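Here is the structure we will look at.
The values are calculated or read from the model by the stated rules, or taken from the named source; none is laboratory data. Keep in mind the model is a prediction, meaning the values are calculated, not measured. Note that we place each Cβ from the backbone using ideal geometry, even for glycine, and neighbour counts take in every protein chain shown. To get the accessible areas, we keep the full protein, side chains included, count just its heavy atoms, and leave off ligands, DNA and RNA. Shrake-Rupley method; radii C 1.70, N 1.55, O 1.52, S 1.80 Å.
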Amino acid sequence: MAERATWTTRIGFLVAAIGSAVGLGNIWQFPFKTGANGGSSFLVFYLIAVVAIGFPALLGEFVLGRRTRLNAIDAFGELGHRQWRIVGALGVATGFWILSYYNVVGGWVMRYIVGSATGAYFDAPAEYFGAVSAGPEAIAAQALFVLVVVGIVALGVEDGIEKATKVMVPSIVLLMLAMAVWAFTLEGGAAGYEYFLSPDLDTLLANAGTAIPFAVSQAFFTLSLGMAIMVTFSSYVGNDDNLAVDGGIIVGTNTLIGVLAGLVVFPVLFANGIDPATSGPSAIFIAMASGFAELPAGRLLGVVFFGVVLIAALSSAISLLEVSVSWATDNYDIGRVPLAAGLGVGLFVLGLPSAWDTAWLTWFDNLAYQLLLPVSVLFAMLFVGWVLGDEALTEIRQGMSGMDWFGPAWLWTVRIVVVAGVAVTLVLGLRTLFVEGAIVPPV
Ligand code: TRP
């Protein structure tokens, strides 16, 4: 068997899982999805989705991985009928689909590091975003990002990224906190808090139909669920680890960073007269850029901020490529380098439309949220809850002492709450795609 990354310590596992979870999903995507889906009411749905659906589903993927100690595709085959491997493959495909446009946004981040250093966006942050986010410049930046991801995976130097992740998480929290304090001082920013943090029941109910699928899929996206990643990571975890505690740490850290990003973005948007409902994928870029443009040492701050975001994006992107590479090198006689390079080319090509026009990026993103993520997680959790059942219970109990109630509570949550919640998400998503026509590509 070819060599696979391993960790001997629990911290190694936590760092890798947090590195995968914390990424553009928290910093870039969460604020604009919140803005597009009614602000504070979305936040409520999102938090419920994270706790009631995301957290149990994360533990479900952990159970699959640790039980079999295999990559995600073979894990399904080992525990159930061979046909179930298709669910693992669906996870890998979902991750690929997402990574294709994730790379484009990673390219934007790289571009913003340069833009911060030279002060290129200081005069006109909104126009700058328009100029670099689509077209040939965006394609060049996307290519560079893919190259770095492939290079790291091909050379097998993820260690470096793992070390960087240990610094990344505290840096993101500190930087975001500092930016949030600054955002607090902005004139006109108070409306942002109102928008983000004060839900009212009427808006909540009025938005439920559209907000629920986005909130649930956002929870999956940001926790790297339905992409075969967490299954693979947990295949190296020791039997004396308490999966629920580890899962709680991962979910807690990940959620904190998303909420902090919102505390920066919304006051800044309101202070600058930008409508959060329509700002879309540009929100975090324009908000942060306007901030750095006004702050002393803004160039330095900009480089540091976007540099840290780049590490977060890289560690997420790498986690997916690593899954495919470990599966393929486990099963076939292919070298890491050609494999990673081939996958990189495929990803680059699939991402070209998104780099060319943000309307395509939105289309890819919509399909992932409304269809791929819910289908992938739904089948995986049907498998864990109803096919594995008691075996899953045995596995979750390993390493857990004195929490006897937890296992059954978790299993029934997976069986009923998660399965029903994801099924509703899928139905609502299909409605958006097929009844409201979101499936039609933006050609
Ligand atoms: N969880 C990551 C985030 O929030 C997203 C992510 C993780 C991802 N793994 C991925 C995206 C693989 C694409 C492919 O940003």
Look at region 102-129 and say how many of its residues are out of contact with any helix residue (DSSP H, G or I) (no Cβ under 8 Å at 6 or more places or on another chain), more than 19 Å from G307 (Cβ to Cβ) and open to solvent by 50 Å² or more (accessible area, probe 1.4 Å). 1
Read through the list (1) farther than 30 Å from S282 by Cα; (2) surrounded by 14 or more Cβ atoms within 10 Å (Cβ to Cβ), then give the number of the only condition that G402 fails. (2)
Restricting attention to region 364-374, does a residue exist that is within 15 Å of the ligand (Cβ to nearest atom), closer than 30 Å to V173 by Cα, among the aliphatic types (A, V, I, L, M) and in a helix (DSSP H, G or I)? yes
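Could you say whether any residue in region 314-321 is β-branched (V, I, T), within 16 Å of the ligand (Cβ to nearest atom) and more than 22 Å from S171 (Cβ to Cβ)?
So the first thing to find is which residues in region 314-321 are β-branched (V, I, T), and the list is 318.
With the extra rule that they be within 16 Å of the ligand (Cβ to nearest atom), the set shrinks to 318.
Going one step further and asking which of them are more than 22 Å from S171 (Cβ to Cβ), we end up with none.
Looking for residues that are β-branched (V, I, T), within 16 Å of the ligand (Cβ to nearest atom) and more than 22 Å from S171 (Cβ to Cβ), one finds none in region 314-321, hence no.
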Candidates V427, V375, filtered to the one that is within 21 Å of the chain's Cα centre (by Cα) and at pLDDT 95 or above: V375
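Check whether at least one residue in region 72-82 is within 14 Å of the ligand (Cβ to nearest atom) and over 17 Å from the mean Cα position of the chain (by Cα), and report yes or no. I'd like the intermediate steps shown before the answer.
Initial filter on region 72-82 (within 14 Å of the ligand (Cβ to nearest atom)): 72.
Remaining after also requiring over 17 Å from the mean Cα position of the chain (by Cα): 72.
For region 72-82, residues within 14 Å of the ligand (Cβ to nearest atom) and over 17 Å from the mean Cα position of the chain (by Cα): present.
Could you go through region 389-397 and let me know if any residue there is within 22 Å of G248 (Cβ to Cβ) and either open to solvent by 30 Å² or more (accessible area, probe 1.4 Å) or part of a loop (DSSP other than H, G, I, E, B) (or both).
Just the residues of region 389-397 that are within 22 Å of G248 (Cβ to Cβ), to begin with: 392-397.
Imposing the further condition that a residue be either open to solvent by 30 Å² or more (accessible area, probe 1.4 Å) or part of a loop (DSSP other than H, G, I, E, B) (or both) reduces the set to 394, 397.
Checked against the condition, which is being within 22 Å of G248 (Cβ to Cβ) and either open to solvent by 30 Å² or more (accessible area, probe 1.4 Å) or part of a loop (DSSP other than H, G, I, E, B) (or both), region 389-397 yields at least one hit.
Which one is nearest to the ligand (Cβ to nearest atom), of the residues in region 273-299 that are of a type in the set (S, T, N, Q) and surrounded by 17 or more Cβ atoms within 10 Å (Cβ to Cβ)? Give the steps one after another, and end with the answer.
At the first step, the residues of region 273-299 found to be of a type in the set (S, T, N, Q) are 278-279, 282, 290.
After this cut, where a residue has to be surrounded by 17 or more Cβ atoms within 10 Å (Cβ to Cβ) as well, the list is 279, 282, 290.
On the way: S279: 19, S282: 17, S290: 23 Å.
The selected residue is S282.
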So G95 ticks every box in (1) out of contact with any Phe, Trp or Tyr (no Cβ under 8 Å at 6 or more places or on another chain); (2) surrounded by 23 or more Cβ atoms within 10 Å (Cβ to Cβ); (3) at pLDDT 95 or above but one. Which box is left unticked? (3)
Are any of the residues in region 45-55 within 16 Å of the ligand (Cβ to nearest atom), over 29 Å from F306 (Cα atoms) and crowded, with 24+ Cβ neighbours inside 10 Å? yes
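Yes or no: T232 among the β-branched types (V, I, T), at pLDDT below 90 and surrounded by fewer than 24 Cβ atoms within 10 Å (Cβ to Cβ)? Step through it out loud before you land on a result.
Numbers: among the β-branched types (V, I, T): yes; at pLDDT below 90: yes; surrounded by fewer than 24 Cβ atoms within 10 Å (Cβ to Cβ): no.
For T232, the condition - among the β-branched types (V, I, T), at pLDDT below 90 and surrounded by fewer than 24 Cβ atoms within 10 Å (Cβ to Cβ) - is not met.
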In region 56-92, anything part of a loop (DSSP other than H, G, I, E, B), open to solvent by 20 Å² or more (accessible area, probe 1.4 Å) and either touching a residue at least 40 places away in the same chain (Cβ under 8 Å) or in contact with a His (Cβ under 6 Å, 6 or more places away or on another chain) (or both) is listed as R69, L70, G80
